[in-house]
Each structure stands twice: as structure tokens, then as C-alpha cells.
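Below is one structure, written out as C-alpha cells; the observations come after it.
The values are calculated or read from the model by the stated rules, or taken from the named source; none is laboratory data. As the structure is a prediction and not an experimental result, all values here were calculated from the model. So basically every Cβ, Gly included, is an ideal-geometry build from the backbone, and we count neighbours across all protein chains shown.
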Amino acid sequence: MMNLIKIIDKYIKKIKLKYKKKTLNDLEKINIKKKYLSKNGIINKLLINLKKIKDKKQTGIKINYLKSEILKIIKNKNKNKNNNIKIDYDFFYIKKKKYKLGAKNPIYLIKEKIKNLLLFLNFKFIDNKEIEYDWYNFTALNFTKYHPSRNMQDTYYITKNILLRTHTSSIQIRYMKKNKPPIKVFTFGKVYRNESISNSSFNMFHQIELLYINKNVSIIDLKNIILYLLKNLFYNKYKYRYRISYFPFTKPSFEIDLYYNKKWVEIMGCGLVNKKVLNNVNLNYNKYSGFALGLGIERIAMIIYKINDIREFFKNDIRFIKQFK
């Protein structure tokens with residue numbers, strides 16, 4: 001009997017000193033369940049030997065203790081794995097502790113403001129690819145084959161016919177090809193141009209564009225939208241003016257300038273959709289007309305929040321961002 005008890009004590013000591021320190025992965029490698037608890041495992045072998053001795057009581061207690069210790073180890077390791085260990089939290093301390101919260105970038109704030117203004121007028125938000133084909137970004141928008149903006153100096157080309165979009169107008173082309181008028185949509189997203197970085201320019205910026213196509217759309221409709229946006233963005237704080245301009249995709253074309261910081265600052269470009277663009281997306285220009293309007297979010301944010309350096313938007317400095325609401 002003493003020999004069997006010594007053997008059991010040896011296993012118990014091994015369980016307490018060695019196995020309790022091992023991880024669940026280590027125990028799985030050892031296959032502790034199979035080694036101790038299976039049909040041919042150590043516990044069953046001990047029980048078979050138990051039948052051969054006269055005083056079974058003390059030895060049986062030792063065997064049961066050994067089995068319970070093994071089950072306890074497996075249970076505790078599984079609890080650790082599933083993060084079910086009971087922890088006493090000091091909830092009073094958690095409530096008192098102050099956490100530093102993040103803030104919303106001014107670009108996001110202005111984007112959301114314009115987005116809500118347009119949703120109120122039942123414009124629909126659409127989005128698409130930042131990596132675009134030349135046809136959608138240039139050709140369909142009536143850019144000539146040798147237009148300066150196609151040059152490597154102005155555009156980031158990935159291959160000969162694939163590039164980073166230079167405006168979100170390409171999204172409108174994709175939408176017009178798949179949808180018939182009335183079309184009343186707006187886009188928001190990043191655009192890329194190969195420009196030198198300074199306090200007033202960046203090689204990536206955010207743009208919002210509007211497109212409205214229907215029967216009998218006129219400059220009056222365009223003007224009403226412009227007045228609506230200017231009033232709700234700047235609250236009549238600044239003078240503005242229309243200036244004749246040129247864009248391949250609109251005709252006639254205009255730029256809107258705002259008198260800010262003692263100078264005229266261009267804030268948006270617009271015009272009636274060029275008939276050639278409508279023709280490129282298989283829309284009958286004798287039946288439909290429309291307007292397009294685009295503005296840079298950074299430029300608007302710089303005026304509203306009086307920011308002098310466009311680079312501040314992209315530094316993710318919480319001290320800068322948390323100033324804006």
C-alpha cells in the first residue's frame with residue numbers, strides 16, 4: 001500500500017510544482033487529459049492497482065485528490081483563455097478618471113455641414129474609385145488629348161491609362177452612364193494633383209461636387225444653389241462675385257470668388273454641363289441640360305476657421321484639431 005501511495009504523492013507533487021506553472025498550450029502539447037484521464041491513463045491504472053491492496057480507503061482518497069487537481073488545472077487554464085477570470089473592479093475610480101477624447105478634423109466638420117445642406121435639398125450622395133481610368137477622369141469630361149492637366153507634371157499616373165483621380169467628376173461620369181435623368185447627386189472624396197506643397201497648396205485635398213441633370217435646367221437653377229450654399233456657409237459675412245472662366249466639362253463656366261483677408265479668393269467652379277459630356281454618357285443634350293459645381297473643402301475650412309496653413313489639416317495634431325467645433 002505504501003508503495004502505491006508514494007507513487008500517487010509523486011504525481012500530486014508533479015501536478016502542483018510543474019503543471020500549474022505551464023500554459024494551456026503547454027498542457028495541450030503534453031496532452032494531460034489523455035495522459036491522466038483517458039481509459040489507458042494514469043488514474044485508471046492506479047484504480048486497477050487499488051483493487052489489489054487490502055486497505056483501499058486512504059489510497060482511494062489520494063487518487064481522487066490527484067484527479068481533482070488535474071481537472072482544476074485544466075479548468076483554470078481554460079478560464080484564462082476565455083478571459084473569464086473574476087476581477088474586482090474599482091468602479092468608483094473608473095467613473096472619476098478623466099480620459100482625453102479625440103476631436104473631429106475641420107475638414108470633416110465642413111464636409112458634414114455641406115452634406116447636410118445638400119441632403120436637405122434631396123441631393124443623393126454617391127461615391128466611387130480613387131484610382132481611375134483616363135477615360136472617366138479626362139476623355140469623357142471633354143479634356144483634349146494634349147490638355148496640360150494630362151501631363152505627368154499635373155497628374156499621378158500609375159500606368160499609361162490608370163491614374164489617381166484629379167477630381168471627383170469621374171464619379172459623376174460613372175453615375176450618368178448607368179442612370180437616366182433626373183439626376184441630382186453630390187460626391188465627396190480625396191483628389192490628387194502633382195502640386196508643390198506649401199501653406200496654400202497640397203498634393204492631396206478633398207472636394208465636393210454637385211451634379212443636376214433634368215429637362216430645362218438653367219443658369220438660374222445654378223445661381224440659386226450657389227446663393228443657398230454661400231448663405232449657409234458664410235452667413236453673408238463676405239462679398240462674392242461671379243467670374244467668367246473655362247472648364248472643358250461645362251459651358252458657360254464660372255468661378256466664384258470671396259473677398260477674404262483683403263483679397264479675392266476663388267472658392268468654387270461651376271457651369272452648365274457641356275453638351276459633349278452629355279453625349280459621351282449617351283444622354284440626349286437636346287432633351288436634357290444640367291449644371292455642375294465643385295468646391296475644395298480645405299479652402300472653405302481655411303476661411304471659416306481662419307487657418308493660414310493648409311498643411312495643419314494633415315498633421316493630426318490633437319492640439320490643433322480640438323480647437324474646432
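Could you check the range 115-143 and list, in sequence order, the residues that are assigned to a helix (DSSP H, G or I) and closer than 13 Å to ASN161 by Cα?
Within the range 115-143, ASP134, TRP135, TYR136, ASN137, THR139 meet the criteria.
Residues checked against (1) among the acidic types (Asp, Glu); (2) under 30 Å from ASN179 (Cβ atoms):
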residue: TRP264; (1), (2): no, no
residue: GLY271; (1), (2): no, yes
residue: LYS275; (1), (2): no, yes
residue: ASN284; (1), (2): no, yes
residue: GLY290; (1), (2): no, yes
residue: GLU298; (1), (2): yes, yes
residue: ILE307; (1), (2): no, no
residue: ILE318; (1), (2): no, no
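Can you name every one of the strands (runs of 3 or more DSSP E) wholly within the range 148-237 that holds 3 or more residues which are at pLDDT 95 or above and in contact with a Gly (Cβ under 7 Å, 6 or more places away or on another chain)?
204-214
Among the residues of the range 250-281, count how many are of a type in the set (Ser, Thr, Tyr) and touching a residue at least 24 places away in the same chain (Cβ under 8 Å).
2
Can you work out which of the residues in the range 46-78 that are closer than 17 Å to ILE15 by Cα, exposed (fewer than 13 other Cβ atoms within 10 Å of the Cβ) and among the basic types (Lys, Arg) is modelled with the highest pLDDT?
Restricting to residues being closer than 17 Å to ILE15 by Cα, exposed (fewer than 13 other Cβ atoms within 10 Å of the Cβ) and among the basic types (Lys, Arg), the top hit is LYS72.
Let me spell it out: the conditions are (1) surrounded by fewer than 20 Cβ atoms within 10 Å (Cβ to Cβ); (2) more than 22 Å from the chain's Cα centre (by Cα), and GLU130 meets all of them except one. Which number is the exception?
Going through the list (1) surrounded by fewer than 20 Cβ atoms within 10 Å (Cβ to Cβ); (2) more than 22 Å from the chain's Cα centre (by Cα), GLU130 breaks only (2).
Does ASN280 meet the test of being modelled with pLDDT of 95 or more and of a type outside the set (Lys, Arg)?
Taking the combined requirement at face value, the residue satisfies it.
Considering only residues of the range 111-125 that are in contact (Cβ under 8 Å) with a residue 24 or more places away in the chain and among the hydrophobic types (A, V, I, L, M, F, W, C), which is surrounded by the most Cβ atoms within 10 Å (Cβ to Cβ)?
If we take residues in the range 111-125 being in contact (Cβ under 8 Å) with a residue 24 or more places away in the chain and among the hydrophobic types (A, V, I, L, M, F, W, C), then LEU118 is surrounded by the most Cβ atoms within 10 Å (Cβ to Cβ).
Could you go through the range 144-151 and let me know if any residue there is among the small types (Gly, Ala, Ser) and buried (at least 19 other Cβ atoms within 10 Å of the Cβ).
No, the range 144-151 has no match at all.
Test PHE291 against the criterion of being aromatic (Phe, Trp, Tyr), within 17 Å of PHE123 (Cβ to Cβ) and buried (at least 16 other Cβ atoms within 10 Å of the Cβ), and give yes or no.
yes
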